[in-house]
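For reference, the structure discussed in these notes is given below.
Bear in mind these aren't lab numbers, they're just calculated from the coordinates by the rules spelled out. Quantities reported herein were computed from a predicted structural model and do not represent experimental measurements. Here the Cβ is made from the backbone with ideal geometry for all residues, glycine too, and neighbour counts use every protein chain on show.
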Amino acid sequence: MMHVFGSCLAFVYGMVLGSFANVIGYRLAIGEPIFPRSRCARCHHTLAAEELIPVLSWIALRGRCSHCRAGISVQYPVIELTTGLLWMMTFWQAYPIGQMALWMTFWLYLMTAVGTDLTSLTVPNILTIPAAGLFLAASGATGELPWCTAVIGMCIGYATIVGIHLLSGGKMGLGDAKLYLAVGAVLGPLRTIESFILAAIFGSITGIGLRLAGRLQPKQPVPFVPFIAAGVIVAAFYGTHLMDMYARLLYR
Ligand SMILES: [Zn+2]
């Protein structure tokens, strides 16, 4: 009974805070102040309380502003639902309270970065540099990772993306490399590399799919942070399991 109640609570809080994370990401990207009440991006109609319910409002409004009928991006309900699910899955891990707080904060952070990247194709330094320090401290202090593993994770994450930035002639942004500082501090070196390989696979499959469907022009830039987030999510929950499976395939 407690488990069901806790799961629901984590899901609902995750969706509400995920909604904030997305809005903060959007506002950072367009350089608006973070705190005013949410408004329609086109007609500036201030959203009423019943228009602010995560996921449900979007469905009830059929993805359109109640005032001017402008489309509301599917990014909103997707990020809200994803954060809700991530919080619930984190709750199921039965972590000690410190680690649970670390992971839940980390998911909000990652969704904020997804929000900025989807809006402006960049992840600003204000989002990546302080978070690198914060998540290193939190990872070590909560016992998620030994300090030295967290530091190695950061270095590996940063170095991997900088390497790809150089090899790709700048196609891969340095914002992604700075984002990987925080990722490395929380995932540790092995799962960090794994998350990046997964992100590259997810990104390639989606890119090829969109090209085949005629939805993507050659050389059209694609936000990569959503794929990083997908890779990080899989690596965080199933990374160790996947590595074992891979090792068994390799050595049998
Ligand atoms: Zn409107």
| said: How many angstrom lie between the Cα centre of the stretch 95-156 and the Cα centre of the stretch 46-63? | reply: 29
| Starting at 0 and stepping by 5 Å, how many percent of the alpha carbon pairs of the stretch 133-252 end up in each bin? | 2, 12, 18, 21, 18, 13, 9, 5, 2, 0
| field | Dipole-positive endmost among Met172, Thr112, Pro54 within the chain (Cβ charges, Cα centre) | value | Met172
| query | At 222 nm, what helix-only mean residue ellipticity would the chain give, in deg cm²/dmol to the nearest 500, using -39500 (n - 2.57) for each DSSP H run of four or more? | reply | -25000 deg cm²/dmol
| said: Under the rule of at least 5 residues apart or a separate chain, name every residue whose amide H is placed under 5 Å from the amide H of Arg39. | reply: Leu47
| said: How compact is the stretch 1-92 by the rule of thumb for globular proteins, expressed as Cα Rg over 2.2 N^0.38 Å? | reply: 1.15
| field | Summed side-chain charge close to Ile228 - residues other than Ile228 whose Cβ falls under 9 Å, Lys, Arg +1, Asp, Glu -1 | value | -2
| What list of ³J(HN,Hα) values in whole Hz, one per residue of the stretch 27-35 in order, does the Karplus curve 6.51 cos²θ - 1.76 cosθ + 1.60 (θ = phi - 60°) give from phi, with Gly and Pro shown as x? | 6, 4, 5, 9, x, 9, x, 7, 8
| task | Taking just the C-alpha trace of the chain, give me its Rg and Dmax in Å. | result | 18.8, 62
| task | Using amide H atoms built 1.01 Å from N in the peptide plane, name the residues 5+ places from Arg64, or on other chains, whose amide H lies under 5 Å from its own. | result | Ile72
| message | Suppose we keep just the alpha-carbon trace of the stretch 16-156; what are its Rg and Dmax in angstrom? | response | 17.0, 54
| HN-Hα J in Hz across the stretch 136-147 - Karplus 6.51, -1.76, 1.60, θ = phi - 60°, x for Gly and Pro | 4, 4, 5, 5, x, 5, 8, x, 4, 9, x, 3
| For the stretch 121-130, 3J(HN,Hα) per residue [Karplus equation, 6.51 cos²θ - 1.76 cosθ + 1.60, θ = phi - 60°, Hz, x = Gly/Pro] | 6, 9, 10, x, 4, 4, 8, 9, 5, x
| said: If you take every residue apart from Ile164 with its C-beta less than 9 Å away from the C-beta of Ile164, what net charge results, scoring Lys and Arg +1 and Asp and Glu -1? | reply: 0
